[in-house]
Amino acid sequence: MAVYTHIDHESLARFLAGYDLGALKSFEGIAQGVSNTNYHVFTDKDRYVLTMFEEHRTRRVDLPFFFAFSDHLVSKGLSVPQAIADKKGDIIGDLMGKPSVLINFLEGKDIERGFTEAKHCAEMGAFAAKLHVAAADFSQQRLNSWAMKHWRGLADTMRDKMDGYSPGLQKFIYDELDYIEQNWPLFLPAVAIHGDLFPDNVFFKKDKTGGNKISAAIDFYFSATEFVLFDLAIIINSWCFDRQHKFYPDRYAALIGAYEGVRKLDEEEWKVLNVVCRGTSMRFLLSRLQEFLAHREDTLMVPHDPQEYVTKLKFHQQNDVRDV
């Protein structure tokens with residue numbers, strides 16, 4: 001989440017008048033994330049999240065897929081956001097020229113990145129497996145705009161700037177792209193995946209016993225049809241390393257153990273786990289590098305560090321998580 005488009009009280013109040021959600025009391029920007037503009041919205045009835053979609057980041061044509069997928073997951077018992085319909089029954093409106101939605105506020109708090117523990121990873125593993133099982137009968141499809149076939153083209157747009165960011169980065173990236181393209185799995189079965197299950201997109205809250213349990217997963221705007229190992233590798237890379245990007249085997253063991261308690265990985269998935277971990281490291285290295293090079297100070301967004309995924313990619317080049 002981030003703030004790219006700034007709004008005023010009058011414009012938001014007019015937008016809210018199209019809903020039966022009460023009168024606007026206040027609103028505040030949400031600075032985390034990189035994709036779209038987000039605000040907390042407070043009315044005299046409740047609290048909501050407003051998302052304004054930036055066309056250069058999220059296409060309007062993709063929005064029905066995102067919300068149909070989240071609705072499907074809710075029907076399967078998972079706690080994820082749902083878009084709220086206005087008085088006309090529409091879930092997608094327009095605010096300041098941007099496609100915009102209001103979403104139910106979900107309780108809980110994310111675990112600060114780098115501070116996840118094995119117990120959190122176990123929760124995440126089970127939740128991810130439930131999501132993948134629930135997605136099996138979701139019939140809609142959307143091509144993954146961050147699929148492997150797009151990475152070299154994205155790299156080419158930044159090629160001349162790579163060594164300016166970090167000497168030697170250009171050779172590192174293109175050598176790795178050669179390896180990934182030669183070894184990437186092409187025939188694993190695909191379902192709808194989340195595509196961005198980082199710790200800041202997962203909320204926890206204490207249950208009746210005092211333990212931290214997942215209360216919700218948010219931000220489905222990278223969801224697409226892809227093989228589930230793509231999603232799982234993203235989770236491994238974002239949950240099983242600390243703030244210094246050191247890998248923790250106990251976190252990985254807890255995550256995989258809980259995942260397989262719900263959905264077993266098959267032999268082909270195990271065979272290609274390392275290359276998919278390398279590939280999804282490359283995916284976020286490239287997207288973060290793109291964001292870093294294009295960063296504007298007026299977005300209220302702090303770009304994520306591309307170097308984090310250089311470090312994680314080097315780890316996977318030298319280690320197989322199954323053996324650590």
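For the range 9-104, the dipole from Cβ point charges (+1 on Lys and Arg, -1 on Asp and Glu) about the Cα centre works out to 80 debye, to the nearest 20. Peptides 132-145, 99-112 ordered by packing proxy, namely the average of other Cβ atoms within 10 Å per residue, highest first: 99-112, 132-145. Most simply put, the chain has about 95% antiparallel DSSP beta bridges, counting only bridges with both residues inside it.
Enter the Cα centre distance for the pair the range 179-203 and the range 96-151, rounded to the nearest angstrom. Centre-to-centre distance over Cα atoms comes out at 11 Å.
What 222 nm value per residue comes from the helices of the chain, counting each DSSP H run with n ≥ 4 as -39,500 (n - 2.57) and dividing by all residues, nearest 500 deg cm²/dmol? Could the numbers behind the result be given before it?
Values: 10 runs with 132 residues, N = 324.
Calculated mean residue ellipticity at 222 nm is -13000 deg cm²/dmol.
Mind checking the range 1-95 for trypsin sites (Lys or Arg not before Pro) that DSSP puts in a loop (not H, G, I, E or B) and that have at most 16 other Cβ atoms within 10 Å? Counting only loop positions with at most 16 other Cβ atoms within 10 Å, the trypsin sites (Lys or Arg not before Pro) in the range 1-95 are Lys45, Arg57, Arg59, Lys76, Lys87, Lys88.
Contact order for the chain, expressed relative to its length and based on alpha carbon pairs under 8 Å spaced 6+ residues apart, stands at 20 percent.
Here the Gaussian network model covers the chain, with springs between Cα atoms less than 10 Å apart; of His304, His40, His150, His150 fluctuates the most.
Ellipsoid semi-axes for the range 254-324, based on the Cα gyration tensor and the rule √(5λ), read 31, 15, 10 Å when sorted largest first.
This ranking places Met282, Met96 by how few other beta-carbon atoms lie within 10 Å of each, fewest first, which gives Met96, Met282.
Write down the Kirkwood hydrodynamic radius of the chain, to one decimal in angstroms, obtained as one divided by the mean of 1/r over all alpha carbon pairs.
That comes to 20.6 Å for the chain.
Taking one quarter of the surface of the convex hull spanned by the alpha-carbon atoms of the range 9-104 gives a direction-averaged projected area of 6.4 nm².
Taken together, the values in this text are just the output of simple stated rules run on the coordinates, not laboratory data. Keep in mind it's a predicted model, so treat the numbers as computed, not measured. Positions of Cβ are backbone-derived with ideal geometry, glycine not excepted, and every protein chain shown enters the neighbour counts.
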